[in-house]
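Reviewing the structure listed below.
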Amino acid sequence: MKFLRIHIGYFFFAAILFSPPLLRADVSQWTHFTIAKPLPGEGWGTSGPVLADFDGDGDLDIALSRRTVETAYWYERITDSQWKRHTMGSYPTLTNCLGAAALDIDQDGRMDVAMNRVWFQNPGDLADNPGAPWPSHSYEGGGHDIVAADINGDGIQDIIADLGEAWFDASKQLKKMEICKGFDFHGGVAPRGFGDLDGDGDMDTILPGFWFENPGNGYGEWKQHPWPHLLIPKASYGTSMRSWAADINNDKQIDIVYSDCDTGNSHVYWVENLGKGQTWRRHQLDDPPVAAGDVKGTGSFHSLGLADFDGDGDIDVFAGEQEDPDTYMMSDGKLPMRPKGLKERGVIWENRGSRSKPHFIPVVIHTDNPGWHDSQLGDVDGDGDIDIVTKIWNSDGDLYHADFWRNDNGVSK
């Protein structure tokens, strides 16, 4: 709540007594648009999406790839409800692709796309020739998580890949450098599991239960430090999470927000940095409410993102449960991807506290299909607020799709 303050005698009291109804931020207003349904190819397996202005027209487009056709595509935003598909190119390693990132790899001022063992070079004339092919180039990185971040502090975004165990120097033709090795995690560093956790001015990285201290320019030994990640017993695909580093409580220290993923019984946490990455306090955010008649429990929160979704000046947390019917792992005593009958939810934990003392309340913005997998945040339509684009990995039905959720929030009466 924010009050109008007029510090002049009676006018202060008059302003309070006769002011209009108090303004309140809202996070519940979203409009769904289908980007594509069906996606090319058949069956499960869609990498991305990544979100960037590929054609230089001032709004954001998306790129993704499909496993069964070994092909990457970009979708040109025409309007909120109209997106036009263009083929970027094909490459054999796209058969096993999940992670993806958009960054300017060749430093020509245009956004390229890195995927599994291949990156596609923006041809540069997409405004006039949107169907132009994107030259493909091999590199060593890939895997479940592929993230763009400036690791060596040179002002150029690099790539973190291979489940966060390596980074690739964009200023040196994507030279591979080791961060760590030997971890049997399914995922952890995406979508934004990097930040200056120890306050020394460089970019550190995050995996479940550990963060890795940048030696200064990314070259050399990355020291390993613990943080209090909470394991899920019998997780469907082993330990896996989505992570985001940000200063949640405005104390000038970078905290960790993470969501469990790739398993049922997932939750969302804020892990508070109490001392340059050496001392931490974990806070579990309340699970989303269950509507009358719905199944209790939680699925896989495979989408995570932080932004001021309602324009009130503080950070809110978004997470979405993925649309995925997998239950075969139960024969090995593991959890299903979600409790049988659970309808996946998109959730925003609205900060109803303050910037320095956050208090997060879960608000369900959508229930049931379409579900959420590796959603990306950005101002897609250029209206000044943060929207969401998403896709699915394993559909509940026959049709695979990508989706745009337009943010219709803001301060309202």
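The residues of segment 78-104 that are over 17 Å from Pro133 (Cα atoms) and either of a type in the set (S, T, N, Q) or surrounded by 24 or more Cβ atoms within 10 Å (Cβ to Cβ) (or both), listed by number, are Thr79, Ser81, Gln82, Thr93, Thr95, Asn96, Cys97, Gly99, Ala100, Ala101. Screening Asp383, Asp374, Asp368, Asp398 for residues that are over 23 Å from Asn250 (Cβ atoms), surrounded by 17 or more Cβ atoms within 10 Å (Cβ to Cβ) and charged (D, E, K, R) leaves exactly one candidate, Asp374. Restricting the search to segment 53-97, which residues are aliphatic (A, V, I, L, M), free of Cβ contacts under 8 Å to residues at least 60 places away in the same chain and within 21 Å of Asp108 (Cβ to Cβ)? Answer for segment 53-97, where residues must be aliphatic (A, V, I, L, M), free of Cβ contacts under 8 Å to residues at least 60 places away in the same chain and within 21 Å of Asp108 (Cβ to Cβ): Ala63, Met88. A Cβ distance below 6 Å, combined with a sequence gap of six or more or placement on separate chains, defines the contacts here; from segment 136-149, residues that are under 16 Å from Val50 (Cβ atoms) reach residues that are among the charged types (D, E, K, R) in the pairs Gly141/Asp162; Gly142/Arg117; Gly143/Asp162. Among the numbered conditions (1) of a type in the set (Val, Ile, Thr); (2) assigned to a loop (DSSP other than H, G, I, E, B); (3) in contact with a Lys or Arg (Cβ under 8 Å, 6 or more places away or on another chain), the only one that Ile151 does not meet is (3). Within segment 166-177, the set of residues being open to solvent by 20 Å² or more (accessible area, probe 1.4 Å) and out of contact with any helix residue (DSSP H, G or I) (no Cβ under 9 Å at 6 or more places or on another chain) comprises Ser171, Lys172, Gln173, Lys175, Met177. For segment 213-241, a tally of residues being free of Cβ contacts under 8 Å to residues at least 24 places away in the same chain and either hydrophobic (A, V, I, L, M, F, W, C) or crowded, with 22+ Cβ neighbours inside 10 Å (or both) returns 1.
Report, by residue number, each residue of segment 298-321 that is open to solvent by 10 Å² or more (accessible area, probe 1.4 Å) and either basic (Lys, Arg) or closer than 20 Å to His186 by Cβ (or both). Of everything in segment 298-321, nothing turns out to be open to solvent by 10 Å² or more (accessible area, probe 1.4 Å) and either basic (Lys, Arg) or closer than 20 Å to His186 by Cβ (or both).
Looking only at segment 181-212, residues that are open to solvent by 10 Å² or more (accessible area, probe 1.4 Å) and either over 24 Å from Phe318 (Cβ atoms) or of a type in the set (D, E, K, R) (or both) come to 12 in all.
Out of the residues in segment 33-51 meeting the condition of being within 18 Å of Asn407 (Cβ to Cβ) and of a type in the set (A, V, I, L, M, F, W, C), tell me which one is nearest to the chain's Cα centre (by Cα). Result: Leu51.
The values are calculated or read from the model by the stated rules, or taken from the named source; none is laboratory data. Computed from a prediction, not measured in an experiment: that's the story for all the values here. Reconstructed Cβ throughout: ideal geometry from the backbone, glycine too, with neighbour counts over all protein chains shown. Protein only, heavy atoms only, side chains kept; ligands, DNA and RNA dropped before computing areas. Shrake-Rupley method; radii C 1.70, N 1.55, O 1.52, S 1.80 Å.
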